[in-house]
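Okay, so here's the structure we're looking at.
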Amino acid sequence: LSLITIVYCTYATIANSMACYIMGLRMTVLLFSIVALPSMPTLAHDSSTADDNLSCTSATSTRISLSFGTVLNTDAYLVQICRSATDLHPVVVETVAHAPTDRRALEMTKLDIDFVDLLPNTTYYFQLRTHNATAPSLVQGWRPAGTTVVPCTTSSVAGNVAHSLRYRGEKPEIDAISLVWTWPTVNTKTCAKRAVLYRKLGAVNTARGSPTKRPPWTAHIVDRFEEIYSEVDVAHNTVRVATVIRGLESTSMYEVVVRGCDGSVSDPEVFRTGAVNLSYSEMYRVSEYIYDIDFLTNHNSADFDGQIAFLTSTNDNAFFKLARSPVTRYCVEHIDPSATPLGTFAPYVSCNGPEADPRNDPKDPMCICDVYADRMIALQSATEMNASSCANVQWNKDGSHNDPPCLCSASDGGRPPLHHGTGNRSKWTTPSVSDYYIGMMPTWLPYFYYQTPANTYPNARRFGVNWSTPKKGECAENILPGTSGCTWRRLPRATTLFGQDLLDRGWNNTVVEHWPLHKVGPNTTDQILHNKPIMEQSWADILGSYITQRCCGC
């Protein structure tokens, strides 16, 4: 199965929406999209860039439709939202998986894509990139984008129509969709036509898009809606309204519009319902060894706090250069840890690091047994590290010490303290459960302060987590985790800022020298806590200028 990745750029900021669907070759995407397609040896043309191959076809106040042609020797397409016509840094990535099921789909040389959750009356600048099919993974291998950008503008919102229809909540519900929108105050009066209309478009693990025959609308009458009076806009005679549509099917995509008293309807939006035994986690990752977005396959990442701590405490340019490197937020759908064979997350493994030299290739990274430094960041006990043969360090005359290799076996696993299995133990061996399930380890403040194993670490407090996302367990984008032997998938929505954005807002990038290791290292807690609100504000400022965000998985 070849993979087509779509990245989309705009002059506004990036989206956080997940509404994507495809049927045939048409898809509704949010921002940066990847579309999976079988190899197509007879496609239209071959090119090292995608200039002059992207065009806009239509627009509403929240959606822009585009079309582009396929390219030989390419397994992925990237349409990115650029910051402006001249600043080509992407601000959002959104991916969509699609596998043609008939010959007609295979022979089509054009892909039509809809980008939704955009801002009204805003000009977006799109750029198309292609991925070399001979590259070993999507981590690297993207061809240069060239200089061509395609401008498209969303329409304005009519004064009498409901608008700003958004998902309300922090995670998707299994059988319901919570909504909030803005209405002219005339619609707060009782009337027969006032309603939320919805219809199911398909399951989230099937081909999604614009069906040739859509199902009929179902009306959710809004007689007893909740008026959020704190958000009444007297000057514009509008009010924010909320409601909940219940009794829906799980793991499904629904198209929703709001109808006012005069019969006018809002622009449609698409929302997802969740699934039993599935969870959704936001994972932040700074790209390593490259200044492109490098995705999650056989990579490590962190939650929001964990990423702040990592960026603050690992700023020696060994893996990335903050001023140039992208920091990308992904949404990952995965088997709930309570539903895994261990009843929890798998043991964390270390990926794409220097400890894996000379075997590791950043173009197709590998993961190894959780290394010494990562275990100390997680404050593993001396007892646990001793069972992995890496608790006894070798001291140097200057008071520094080494970082001995930690050894794992394939049968390691279980809740902390980690169960150490039998069999061959090696730094190259990873627990078999970690080869298929997402791994997690906690991170603490002070971050990487304690550098020698102990059974207690005074005054430490929990501050985030780190993740490992194994290649063997990754689902194709049209496969639901828990089926086909896979356990996690990266969902279409992803958003990106660059380290320079943080530096411009006052990020403290004072160099932290953790190496060589000592009994304790520098305490970066104050520096980390200084940087946290800067990270929060940077995401809000940059992304909010381009698209409306929504919760992970919604």
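The values are calculated or read from the model by the stated rules, or taken from the named source; none is laboratory data. These numbers come from a predicted model, not from an experiment. Don't worry about glycine lacking a Cβ; one is built from the backbone with ideal geometry, like all the others, and counts go over all protein chains shown. Remember, those area values only see protein heavy atoms, side chains included, never the ligands or the DNA or RNA. Shrake-Rupley method; radii C 1.70, N 1.55, O 1.52, S 1.80 Å.
Miscellaneous remarks
- Simple spin-label estimate for Asp504 and Asn237 gives 4.0 nm between the two label positions (7 Å along the Cα-to-Cβ direction from each Cα).
- Cross-link partners for Lys397 among the lysines, with Cα-Cα distance under 17 Å and sequence neighbours closer than 8 places in the same chain left out: Lys519.
- Region 474-554, accessible area per residue, ligands and nucleic acids excluded (1.4 Å, Å²): 38
- Extension gain from Glu355 to Val276, taking 0.36 nm per residue of separation minus the Cα-Cα distance: 24.6 nm
- Between region 331-391 and region 485-554, the Cα center-to-center distance that results, in Å: 21
- Cα centroids of region 115-187 and region 235-280: 16 Å apart.
- Extension gain for Asp435 to Asn386 (0.36 nm times residue separation, less C-alpha to C-alpha distance): 15.4 nm.
- For region 289-417, diffusion coefficient by Stokes-Einstein and Kirkwood Rh (Cα), 37 °C, 0.692 mPa s, µm²/s: 196
- Whole-percent carbon and sulfur share, accessible surface of region 339-391, 1.4 Å: 49
- Taking a straight line from the alpha carbon of Lys471, these lysines sit under 22 Å away, with near neighbours fewer than eight places off in the same chain left out: Lys363, Lys427.
- Set of lysines near Lys200 by C-alpha distance (under 27 Å), chain-local residues within fewer than 8 positions excluded: Lys110, Lys171, Lys213
- For region 461-553, carbon and sulfur atoms together expose 52% of the accessible surface, with a 1.4 angstrom probe and every protein chain in place.
- Calculated SAXS-style log₁₀ I(q)/I(0) at q = 0.13, 0.17 Å⁻¹ - region 480-554, Debye, Cα scatterers: -0.66, -0.84
- Hull shadow area, averaged, region 375-452 [alpha-carbon convex hull, nm²]: 5.6
- Taking other residues whose beta carbon is less than 12 angstrom from the beta carbon of Gly260, and scoring Lys, Arg as +1 and Asp, Glu as -1, yields +3.
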